[in-house]
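Visitor: Before anything else, here's the structure in question.
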Amino acid sequence: MKANYHTHTHRCYHAQGNDEEYVKSAIKAGFKELGFSDHSPWKYNSSFVSNMRMPLSVFDEYYASIAALKEKYKNDISIKIGLECEYFEAYMPWLKEFIKEKKIDYIILGNHYHQSDEKGFYFGHKCTNRKALDLYVDEAIKAMKTGLYSYLAHPDLFMRAYPEFDKDCEEISYRLCRAAKELHIPLEYNLAGIVYNKRFNVHQYPHPKFWEIAAEVQNDVIIGVDAHHYQHLEDIEMWENAKAYLEKLGLNRIETIEMKDFTKF
Ligand SMILES: [Zn+2]
Ligand SMILES: [Zn+2]
């Protein structure tokens, strides 16, 4: 069953289109299940305002909008309400309560920031040395151990700024892939990264060397569009190419994820 669980909305300030356009594109492209997972809001202990995630005050409107589409299109597609969340250690008790109270279907792990975006740094910019790579993996593993996250989005995000995939990248990739395998957490092959690599003629993430290691470790993998525009969902060729690539590598590709009952955590 063709499904995508990585879909943004305009509320994170860097995605375009209205929610319904995403649903229509997903139906057009043959998706049977579509999960929205916009960047989660956080309740900061300061007046910090993030410029890449919805403010907390917008969350209820996000939920209501998707819930309405879920009902409207129920005969055409299954719609799920999720969030792409970080692992902000100090705020995890808050997140746990929040996703339970709001009856979120699932969350995916987007490990973008060290500690939090309020105080820490963006791994995509600062992973240029072993110390930062280790922090990236340490935090991703701690997050996966919570059992809250359905999968790890763009696991090779650390290649965003790293000059080339060297011995250190290899070592930390093995550590990350083995931990994900042990914890039964699928890794996401991120199509937004492919769009970026192509557009700027770079080799950031997804990085082939990382995926060769994931294949060796025999990780479960799931394709994520990471749609920041509804048209991204309509790129069937990119989806099929990703499928063929992962199959060729011998990775175990999963298509759907189970929804979570957060009252059990
Ligand atoms: Zn992300
Ligand atoms: Zn994303």
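The values are calculated or read from the model by the stated rules, or taken from the named source; none is laboratory data. All values derive from a computational prediction rather than experimental measurement. A quick note on method: Cβ atoms are made from the backbone with ideal geometry, for glycine too, and the neighbour counts reach across all protein chains shown. For the accessible areas, the whole protein counts, side chains as well, though only heavy atoms, and no ligand, DNA or RNA atoms are used. Shrake-Rupley method; radii C 1.70, N 1.55, O 1.52, S 1.80 Å.
Visitor: Go through Met259, Met1, Met54, Met238 and list them by solvent-accessible area, largest first, probe radius 1.4 Å.
Guide: Result of the area sort, largest leading: Met1, Met259, Met238, Met54.
Visitor: I've got another one for you. Provide the solvent-accessible area of Ile254, counting protein heavy atoms only and rolling a 1.4 Å probe, rounded to the nearest 10 Å².
Guide: Spelled out: Ile254, probe radius 1.4 Å, area about 40 Å².
Visitor: What spacing in nm lies between the two simple spin-label points modelled at Gln16 and Asn252, each 7 Å away from Cα in the Cβ direction?
Guide: 4.0 nm
Visitor: Can I ask one more? Rounded to the nearest 5, what % of the DSSP beta bridges within the chain are antiparallel ones?
Guide: 5 percent
Visitor: Residue by residue through segment 178-194, which ³J(HN,Hα) values in whole Hz follow from phi under the Karplus form 6.51 cos²θ - 1.76 cosθ + 1.60 (θ = phi - 60°), with glycine and proline marked x?
Guide: Values per residue, Gly and Pro as x: 5, 5, 4, 4, 4, 8, 6, 10, x, 9, 9, 8, 9, 6, 5, x, 5 Hz.
Visitor: With point charges of +1 on the Cβ of Lys and Arg and -1 on the Cβ of Asp and Glu, referenced to the Cα centre of the chain, which listed residue (Ala244, His8, Ala214) lies farthest in the positive direction of the dipole?
Guide: Of the listed residues, the answer is His8.
Visitor: Continuing with the same structure: Taking R0 as 25 Å, what's the FRET efficiency between Glu61 and Lys142 from their Cβ-Cβ distance, rounded to 0.05?
Guide: Once rounded, the FRET efficiency stands at 0.20.
Visitor: Where nothing but the Cβ of Lys and Arg (+1) and of Asp and Glu (-1) is charged, how large is the charge dipole of the chain around its Cα centre, in debye to the nearest 20?
Guide: 240 debye
Visitor: Would you grab the residues whose amide H sits under 5 Å from the one on Ile222? Only those 5+ places off in sequence or on another chain, please, with H modelled 1.01 Å from N.
Guide: Counting only residues 5 or more places away or on other chains, the set is Leu187, Glu188, Tyr189, Ile254.
Visitor: When the Karplus curve 6.51 cos²θ - 1.76 cosθ + 1.60 is applied with θ = phi - 60°, which whole-Hz ³J(HN,Hα) does each residue of segment 69-79 get, with x for Gly and Pro?
Guide: Once θ is set to phi - 60°, the couplings for segment 69-79 become 5, 4, 6, 4, 10, 4, 7, 10, 7, 8, 10 Hz.
Visitor: What is the Cα radius of gyration of the chain over 2.2 N^0.38 Å, N being its residue count?
Guide: 0.94
Visitor: If you average the C-alpha positions of segment 63-78 and of segment 141-214 separately, how far apart do those two centres end up, in angstrom?
Guide: Centre-to-centre (Cα) distance: 31 Å.
Visitor: Shifting gears a bit: If amide hydrogens are placed 1.01 Å from N in the peptide plane, which non-local residues have theirs closer than 5 Å to the one on Glu84?
Guide: Those qualifying (amide H under 5 Å, at least 5 residues apart or on another chain) are Asp38, His39, Ser40, Ile108.
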